Amino acid sequence: AEVKISQEAYLKPLLHALKYPASAVNGVLLGKCTKKDSASIQVEEAIPLLHAHLSLSPMMDAAFCVLDEYCQRKGLSIVGYYHANPTIDQPAPSPIAKRLADRIYDTVRESDKNGEVCMLIVDNSELEQLAQALNASRSLDESSSRLTGVSVLTKSGPNWTKSARARIEGADDGSSQVLLRNQLAEGRHLDLIDWDAHLDDTSRPWLPA
């Protein structure tokens, strides 16, 4: 499947991971899946879920119930899962990441046997290289603009494999990566509220208005 990721949906998983650098974090990707000639996944939003205990749990089920209502209101569907591991040497999906992504995939396939989903993994090693390139220059050259700090996977049979047909809005010219640097400088990552944080203080809104 072709995967197109909006700038917003690219930035939020990275901001989530950078807010909690010592923890694994995860979230879901919302958008639309079309199948005119071949499957195409359009990722429009990323919704942060957890930063403490990542697992299939009643708390996670409650989050998905709220998400279902939000998706119906916005005319969106769950089209993927994102995950960041806490260590720099773990670029591949962890077992829990695969389990949660598989659950989303199976749920999508229950309602649409040809439905497709994607998984976005934050690559901490590449993210560090990107930070060094951004610190060295106000803009990115052609080679550095290939650094996004993420990998996009789709499911083929039982396995999740890196997609060769993934495009991130604003990544080719480095504008999305520069925006990430600017948002970090403004402390925007500190304002991010995931489901965990919302449950700790429900006065802090979790979902966009």
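Scoring Thr34 on the criteria (1) modelled with pLDDT of 90 or more; (2) among the β-branched types (Val, Ile, Thr); (3) over 17 Å from Leu153 (Cα atoms) leaves a single failure, condition (1). In the set (1) without any contact (Cβ under 8 Å) to a residue 60 or more places away in the chain; (2) closer than 16 Å to Asp196 by Cα; (3) assigned to a loop (DSSP other than H, G, I, E, B), Pro21 fails one condition alone, (1).
For Leu56, are the conditions met, namely being touching a Leu at 6+ places or on another chain (Cβ under 9 Å) and at pLDDT below 95? If you could, list the steps in order and put the result at the bottom.
Numbers: touching a Leu at 6+ places or on another chain (Cβ under 9 Å): yes; at pLDDT below 95: yes.
Yes; evaluated as a whole, the condition is true for this residue.
The set of residues in segment 24-44 being in contact (Cβ under 8 Å) with a residue 40 or more places away in the chain and under 14 Å from the mean Cα position of the chain (by Cα) consists of Ala24, Val25, Asn26, Gly27, Val28, Leu29, Leu30, Gly31, Ile41, Val43.
The residues of segment 77-107 that are touching a residue at least 40 places away in the same chain (Cβ under 8 Å) and β-branched (Val, Ile, Thr), listed by number, are Ile78, Val79, Ile88, Ile96, Ile104.
For segment 164-205, the tally of residues that are in a loop (DSSP other than H, G, I, E, B), in contact (Cβ under 8 Å) with a residue 24 or more places away in the chain and open to solvent by less than 70 Å² (accessible area, probe 1.4 Å) stands at 6. The residues of segment 9-61 that are of a type in the set (Lys, Arg) and either farther than 19 Å from Gln72 by Cα or surrounded by 17 or more Cβ atoms within 10 Å (Cβ to Cβ) (or both), listed by number, are Lys12, Lys19, Lys35, Lys36.
When the residues of segment 101-117 are filtered to those that are of a type in the set (Asp, Glu) and in a helix (DSSP H, G or I), which remaining residue is least open to solvent (accessible area, probe 1.4 Å)?
Start the filter on segment 101-117 by keeping residues that are of a type in the set (Asp, Glu), which leaves 102, 106, 110, 112, 116.
Then drop every residue that is not in a helix (DSSP H, G or I), which leaves 102, 106, 110.
Working: Asp102: 42, Asp106: 80, Glu110: 154 Å².
My answer is Asp102.
Would you confirm, using the coordinates I've provided, whether Lys98 is open to solvent by 30 Å² or more (accessible area, probe 1.4 Å), at negative phi and either assigned to a helix (DSSP H, G or I) or at pLDDT 90 or above (or both)? When the stated conditions are applied, Lys98 passes them. Filtering segment 71-92 to residues that are surrounded by 20 or more Cβ atoms within 10 Å (Cβ to Cβ) and part of a loop (DSSP other than H, G, I, E, B) leaves only Asn85.
The residues listed here are Ser151, Ser139; of these, the one that is among the hydroxyl-bearing types (Ser, Thr, Tyr) and not in a loop (DSSP other than H, G, I, E, B) is Ser151.
The values are calculated or read from the model by the stated rules, or taken from the named source; none is laboratory data. A quick note: this is a predicted structure, and the numbers were derived from the prediction, not measured. With ideal geometry, Cβ positions are generated from the backbone for all residues, glycine too; neighbour counts draw on all protein chains shown. Protein only, heavy atoms only, side chains kept; ligands, DNA and RNA dropped before computing areas. Shrake-Rupley method; radii C 1.70, N 1.55, O 1.52, S 1.80 Å.
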